[in-house]
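Heads up: the structure comes next, in structure tokens.
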Amino acid sequence: MSRRSAELFVSLLCSVALAWGCGSDDAPTTSTPAVDAVVDVVQDLGPEVAADLTVPPDVGPDVAPDLDAVLDVEPDLDAADLPDPVTVPTDLPPGVQAVHLGQVPFDEVGKSSDLKLTLPAETVGWLAVVQGAHPGIFGISKIISPKGEMLAKGKCVTDVCVDCKNRVGMSPATGAAILPSSTGVKAQSGNYYLQSCGFHWLKQGNQYSPNPYTMGPVTTTAFVKTAAGGAVPDQGRVLLRFFFTGGGQLQAADAPTDPRILGMLAEVSALYGVVGLTVEVVDWQDTAPGFTVVHLAEDLTTTGASDLDLLFAQAAPFGGSAVVDVFFVDQLIGGSESKGVVGGVAGGVPGPAFYHGIPRAGVAIAIASLGGDPVWLGRTLGHEVGHFLGLWHPSEGDGKAFDPLEDTPQCGFGQDADQDGAVSVAECVTLGANNLMFWSLGSPTALLSPEQGRVQRSNPVVWPASPPF
Ligand SMILES: [Zn+2]
């Protein structure tokens with residue numbers, strides 16, 4: 001198996017390998033910042049660069065919370081640019097219903113009360129979206145199934161609950177969780193009990209510590225997907241909406257016939273076709289000027305909207321519901337968890353589907369950083385949308401963390417033959433490097449596994465294969 005020569009070497013890094021684990025207390029107690037957007041990095045024409053997975057460098061040991069004394073961040077509700085929190089999308093795919101779970105303040109440990117979610121017969125999957133505001137970091141902390149099984153433990157962890165039976169994570173301003181996200185989990189009808197949670201970082205000197213978010217009400221909405229017989233459909237349609245910033249000198253008017261875009265769509269269609277998914281672009285729009293170069297948040301403790309939030313906010317005037325917004329820029333710069341040049345970014349794993357213009361609601365592709373190569377564009381688009389639909393990297397770059405799916409090979413750090421701190425495509429040839437969601441692009445092939453397809457097709461934002469309209 002040979003790598004493309006030349007070597008547009010593309011490495012995809014992800015920030016989700018920060019301090020894996022579920023913590024041990026109800027309130028977050030570590031001082032490692034939470035996962036930000038999933039940032040994927042392209043390292044062009046250079047040696048492989050080890051991921052810098054310990055950020056920020058000035059994080060110190062745990063600091064005793066002292067809200068009054070050290071609070072130096074204030075909620076920036078205007079910057080969050082949130083929609084009316086009681087607005088629930090109504091333009092939904094057939095078989096999908098939205099359930100408003102409430103707008104409630106969090107308690108003194110940063111958690112909602114138990115939120116009852118009653119799922120109808122033939123439910124195959126659900127997505128919950130937690131809408132808060134900066135500087136909070138939000139997610140679904142607890143999931144109890146209709147059979148009383150604890151699928152997420154109720155720990156408001158600072159990044160990803162890697163050993164929860166159904167994996168959940170946290171993200172700034174807007175959180176989201178999906179079920180199923182993991183092998184062995186299947187959606188059931190009946191009553192689920194969920195808990196939303198949030199925290200924010202406090203700085204004392206050069207040290208940060210997580211503290212419960214109690215600054216204001218937070219809205220949680222669930223989207224429930226049903227299908228005939230309660231079986232995850234074998235096929236589905238992913239509807240995308242493209243936004244052009246001028247990056248790659250592309251505009252909405254000419255993009256549909258641009259060979260880079262056509263080649264990209266051919267590539268991603270082939271990749272997704274393996275798991276029964278078709279990809280369709282349903283709308284083409286231009287953004288306001290000024291977004292060809294987008295700076296990602298360098299400091300995860302920032303209190304307001306990031307450039308990425310402002311980019312995603314460009315979708316707000318267009319409304320919409322069950323489409324995934326994709327933004328094409330020239331470059332994505334920075335990101336505190338990455339080195340090199342960023343090739344793509346996803347708002348979350350999963351992203352807050354059905355909402356548009358809010359933080360985390362979209363993916364961005366750096367067309368110039370990817371050299372305008374249709375294959376790399378297609379793989380990056382497929383990879384980032386894969387994150388948005390709920391897929392993790394089968395192996396993180398450090399070879400120490402893996403996705404929760406049993407049919408994706410793991411490439412552990414023992415494979416790091418050159419001991420550069422990262423497991424590369426060459427080192428993982430038979431261990432998942434050829435998976436589309438591998439942390440590093442560069443394999444001649446890019447596959448999706450059956451379990452990855454099941455998670456994707458369970459996401460309520462994925463439409464049925466046969467459109468009734
Ligand atoms: Zn990734």
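Taking 8 Å as the Cα distance limit and 6 or more residues as the minimum spacing, I'd like the relative contact order of the stretch 236-458 as a percentage.
Numbers: 498 pairs, mean separation 43.6, N = 223.
Computed over the stretch 236-458, the figure is 20 percent.
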Exercise for the section: Give me the distance between the Cα centres of the stretch 139-162 and the stretch 168-202, rounded to whole Å. Expected result: 7
Problem - Built amide H within the under 5 Å cut-off of V279, gap 5+ - result: V238
Completion exercise
With the 8 Å Cα cutoff and a minimum separation of six or more residues, the stretch 77-227 has a relative contact order in percent of 37
Exercise for the section: Show the residues, 5+ positions off or on another chain, whose built amide H is closer than 5 Å to the amide H of H134. Expected result: D76, A80
Fill in the blank from the handout: Among the stretch 109-123, those whose backbone N falls under 14 Å of a label point 7 Å along Cα→Cβ from N191 are 114-120
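Taking a 30 Å limit on the Cα-Cα distance, which of the listed pairs K142/K400; K116/K155; K111/K203; K225/K400; K111/K165 fall beyond it?
On the way: K142/K400 25 Å; K116/K155 18 Å; K111/K203 21 Å; K225/K400 33 Å; K111/K165 20 Å.
In this structure, K225/K400 lie more than 30 Å apart at Cα.
Under 1.5 on a/c is rounded, so check that first for the stretch 348-454, then, if it is not, pick prolate when a/b is larger than b/c and oblate when it is not; a ≥ b ≥ c are the square roots of the alpha carbon gyration tensor eigenvalues. List each step's numbers first, then the result.
On the way: a/c = 1.89, a/b = 1.43, b/c = 1.32.
Cα axes put the stretch 348-454 in the prolate bin.
Using the per-residue mean of other Cβ atoms lying within 10 Å as a proxy for protection, in what order, highest first, do the peptides 414-425, 438-449, 232-243 fall? Walk me through the intermediate numbers first.
Details: 414-425: 17.0, 438-449: 22.2, 232-243: 20.3.
Ranking, from highest mean packing down: 438-449, 232-243, 414-425.
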Fill in the blank from the handout: Note: the stretch 77-227 at 37 °C, 0.692 mPa s; Kirkwood Rh on alpha carbon pairs; Stokes-Einstein D in µm²/s works out to 210
Completion exercise
the stretch 332-408 and the stretch 252-300 have their Cα centres apart by a whole-number Å value of 13
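So what's the convex hull volume per residue for the Cα atoms of the stretch 354-406, in Å³?
Details: hull volume 6.9 nm³, N = 53.
Convex hull of Cα atoms, per residue: 131 Å³.
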Exercise for the section: Starting from the amide H of K153, placed 1.01 Å from N in the peptide plane, find each other amide H under 5 Å away whose residue is 5 or more places distant or on another chain. Expected result: I143
Exercise for the section: Kindly rank 359-366, 429-436, 290-297 from highest to lowest mean number of other beta carbons found within 10 Å of each residue. Expected result: 359-366, 429-436, 290-297
Exercise for the section: Give me D for the stretch 236-458 in µm² s⁻¹, whole number, from Stokes-Einstein with Rh from the Kirkwood sum over alpha-carbon pairs, 20 °C and 1.002 mPa s. Expected result: 122
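Rule-based calculations on the coordinates, nothing more; no lab input. Computed from a predicted structure; not experimentally measured. In this analysis, Cβ positions are derived from the backbone assuming ideal geometry, glycine residues included, and neighbour counts consider all displayed protein chains.
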